[in-house]
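These notes concern the structure reproduced below.
The values are calculated or read from the model by the stated rules, or taken from the named source; none is laboratory data. Quick caveat, the model's predicted, so the values are computed rather than measured. Glycine gets a Cβ as well: all are built from the backbone with ideal geometry, and neighbour counts include every protein chain shown. Keep in mind that these areas ignore ligands, DNA and RNA; they rest on the heavy atoms of the full protein, side chains included. Shrake-Rupley method; radii C 1.70, N 1.55, O 1.52, S 1.80 Å.
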Amino acid sequence: MNECMDIERLNGLEGHDVYDAFGKIGSDVEGGNVNRPGSLRECLSVEGPGFRGQYCQVFLKQDKVEYFVGVCVPDSCTDSEVQTLVIHEAFQKQQMSLLPSVPSILIPDSTLGIFMTQCHSDSPNIDLSAIVCLSVCCALLALPLIASIFVALIKRKQMREVAPVVGLAQTSNSKQYGTVLTNGSANQNKECSPDLDTTQTKTQNAESKQQSLSKTVVSWLQGFSVQNCSQGLLDTEGSGRSYSSLNGIRILSLFWIISGHTVHFSAWSHLDNEKRWKEMVENNPLYVLTFSGPVYLAVDSFLVLGGLLSAKSLLGTIRRSDNTLSVGLVVNYLFKRFKRIQPLHLFIVCLVISLFSVVPRGVFWFFAEDQVLSCKKYWWSNLLLINNLLTITDICAPWTWYLSIDFQFYATTPLLIFLYRMNKCALVVVSVVLLMLSSVTGALITSFLHLPVHQPTTLAYESYFQYYYNKPYTRYGPYLLGVLAGIYMTTKKEALIKHQWQAVIGWLCSLSVMALLVGLAYVLRDVPPHLSIPHAIYQGIHRSLWALALIWIILACEEGYGGFVDTFLSLSLWAPLSNISFACYLIHPIIIILYNGKQEITMHYTDFNFFYLFLGHLVLSIFIGYVLTVLIEKTYLFQPKR
């Protein structure tokens, strides 16, 4: 403790001023962010006889504002000792505190409290769980690479064997004289030697079994190989098939989510002009493509596509199974879905634990650290696909909540198809009831908890994400409408749109609804302290209305009334990107968290800065997404090559 108390010992080092490593008030305190990270690199560069500089973060609370200040102490200090030093006001220079309170211009209340102190370690925080997860990730990535090497060697060996056989065949063809006599002699020898014939038969059977086993092994190796799993990923032929507009909708929705997360993850604690950023985006609908207006409508677009394709897939499976919907068919249908999403999903969980444990901590590493702790404790909820039902602060890899809710909804598709096959009126009644229940539930939760309907207002309301955003009973509407659309489009006998004027009216209504939903979010951006009927109604129905408008676009494009919209959404460019979209969605938050966590200073928001960041995150997500699709997603579908 005595060495730790000697802060002046660090300041007195020749060529160093530890004060430069402390977090000081920035030049834009009126911008809204009061975090003072200091200089991690400056602190770690301090060295003296028997000790080095250690970077610590003191998390403070003043009124309702929580922030942290970076301090530099000897490496012998523990977290509790640093907190004791702060309480005793040991961090001073020339009678001035190195941890001053937030200026009264921002917070009138000068009461300052400490709720946590955390010191950074030079060595990675690796424990048994991190080692296990790192080993699992490496093994999953190594297996397809090893299989690819074996497949390449086998093909090379086969090519070498083909050349002598071809030469032998040509030689035998040039010496056909006497062939009949030789074959006849051979037949005579067989008739005179029955024991020899039996021996040859046994040998042939053994060789046949060995060849069959070899073919099985080779087929599995080929199924795991990069050569097989990469086939067709970059093909653009998908644009020529039915529902080609879905590729464009899927990719544009993915871009919208990545754009929103780029700003969203930074807005929590990384912006030095957070107040100015909020003033800039909260009233301007032009920022709806980033983090403004309605909350992530792109997710509802995903739910519509998921419902539509699930209905189409199940109806196709039933048709191929003698038009029978059996329990075994439903179980196989759900198992295929589980097998499709879980290998990459669980790989991402392991990657979060291992990567964020191995990478040296940065100044803004607390969000990554929270992810490691949550995943170590609640990884089982991701395995069971129920993590969206947990408390929002406990969710492992919180962006994976969509996989859980999508699978939960996916499990309801067989029931809806069963009702459709049994009685179409029953399907209509049940669908209306479910749609109303989902809408009313969202409206009631919004009314009683006074939830916002607009972002970035949601940043100040943890209850929005805890009770509304990722819960199945508030988000079922878009998926249900997608299933109904899939049933209709798969089984329809004739086109819905028969005249040009119908298409015009449909397009006007669809685009008007979308524009109205976006505009109303800005009108209702303020959260009243009392019960608000407009907020409740908007929250209850806006996602389902968005889904209906999107379904019209899909239907119009499918029936030839999409015009330039259909041309754009059906571009061949979208097909290969759509093939890797699942991996891109899962990996992009890790890229953003890693980038933000390793920053040494707060970021300054400008439109150009974050557009540039978005492009960087997008390109990296596409590249790594392609690699993970080949090495993990496609590989562990366990489909041997026939």
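Brief remarks follow.
- Each distinct pair of alpha carbons in segment 550-600 adds a 1/r term; the inverse of their mean, the Kirkwood radius, is 13.6 Å.
- Relative to the Cα centre, the charge distribution of segment 459-610, modelled as +1 at Lys and Arg Cβ and -1 at Asp and Glu Cβ, gives a dipole magnitude of about 340 debye.
- The alpha carbon gyration tensor of segment 241-363 gives principal lengths a ≥ b ≥ c with a/c of 1.5 or higher and a/b no greater than b/c, which makes the shape oblate.
- With every protein chain in place, segment 327-454: carbon and sulfur % of accessible area (1.4 Å): 77 percent
- Among the listed pairs 424/471; 336/493; 312/424; 424/492; 157/634, those beyond 21 Å (Cα-Cα): 424/471; 336/493; 157/634
- Heavy atoms of the protein chains alone define the surface here; on that basis segment 466-525 has 48 Å² accessible area per residue at 1.4 Å probe size.
- Accessible surface ranking for 633, 47, 369, 1.4 angstrom probe, highest first: 47, 369, 633.
- Gyration tensor (alpha-carbon) shape descriptor, segment 334-452, a/c threshold 1.5: oblate
- The label point for residue 609 and the one for residue 492, both projected 7 Å from the Cα toward the Cβ, are 4.9 nm apart.
- Applying the Karplus relation 6.51 cos²θ - 1.76 cosθ + 1.60 with θ = phi - 60° to segment 419-427 yields 3J(HN,Hα) values of 5, 4, 6, 7, 7, 5, 5, 4, 4 Hz, where x marks Gly and Pro.
- Backbone HN-Hα couplings from phi across segment 69-82 [Karplus 6.51/-1.76/1.60, Hz, Gly and Pro as x]: 10, x, 10, 10, 9, x, 5, 7, 6, 9, 4, 5, 5, 5
- Using a probe of 1.4 Å, the accessible surface attributed to residue 505 totals some 90 Å² when neighbouring protein chains are kept in position.
- Semi-axis lengths (Å, descending) of the ellipsoid that matches the C-alpha gyration tensor of segment 514-563: 31, 10, 5
- Compared with the alpha-carbon gap, the fully stretched path from residue 422 to residue 501 is longer by 24.9 nm at 0.36 nm per residue.
- Simple spin-label estimate for residue 473 and residue 157 gives 6.1 nm between the two label positions (7 Å along the Cα-to-Cβ direction from each Cα).
- Segment 395-532: relative contact order as a whole-number percent, Cα under 8 Å and 6+ apart: 33 percent
- Farthest towards the positive end of the charge dipole of segment 548-642, among the residues 608, 594, 572, is the Cα of 594, using unit charges on the Cβ of Lys, Arg, Asp and Glu.
- Scalar couplings 3J(HN,Hα) for segment 341-351, obtained by applying the Karplus form with A = 6.51, B = -1.76, C = 1.60 to θ = phi - 60°, are 9, 6, x, 6, 4, 6, 4, 5, 4, 5, 5 Hz; x denotes Gly and Pro.
- About the Cα centre, charge dipole magnitude for segment 566-642 (Lys/Arg +1, Asp/Glu -1 at Cβ), debye: 440 debye
- Segment 312-389, relative contact order [Cα under 8 Å, separation at least 6], %: 27 percent
- Between amide H atoms placed 1.01 Å from N, distances below 5 Å from residue 293 occur with 455, all of them 5 or more places distant or on a separate chain.
- Accessible surface of residue 552, taken over heavy atoms with a 1.4 Å probe and every protein chain present, rounds to 40 Å².
- For residue 573 and residue 125, the FRET efficiency from 1/(1 + (r/R0)^6), where r spans their Cβ atoms and R0 equals 41 Å, is about 0.45.
- Accessible area of residue 488 in the full protein assembly, 1.4 Å probe (Å², nearest 10): 80 Å²
- Segment 218-326, accessible surface, carbon-and-sulfur percent (1.4 angstrom probe): 52 percent
- Amide H contacts under 5 Å for residue 54: 73, 75, restricted to partners 5 or more places along the chain or on a different chain, H placed in the peptide plane at 1.01 Å from N.
- Cα gyration tensor shape of segment 440-569, rounded if a/c is under 1.5, else prolate or oblate by comparing a/b with b/c: prolate
- Alpha-carbon centroid distance for the pair segment 458-518 / segment 384-418, whole angstrom: 20 Å
- When 361, 52 are compared by accessible area at a 1.4 angstrom probe, the order from most to least is 52, 361.
- Each label was represented as a point 7 Å from its Cα along the Cα-to-Cβ direction; for residue 619 and residue 138 these points are 3.1 nm apart.
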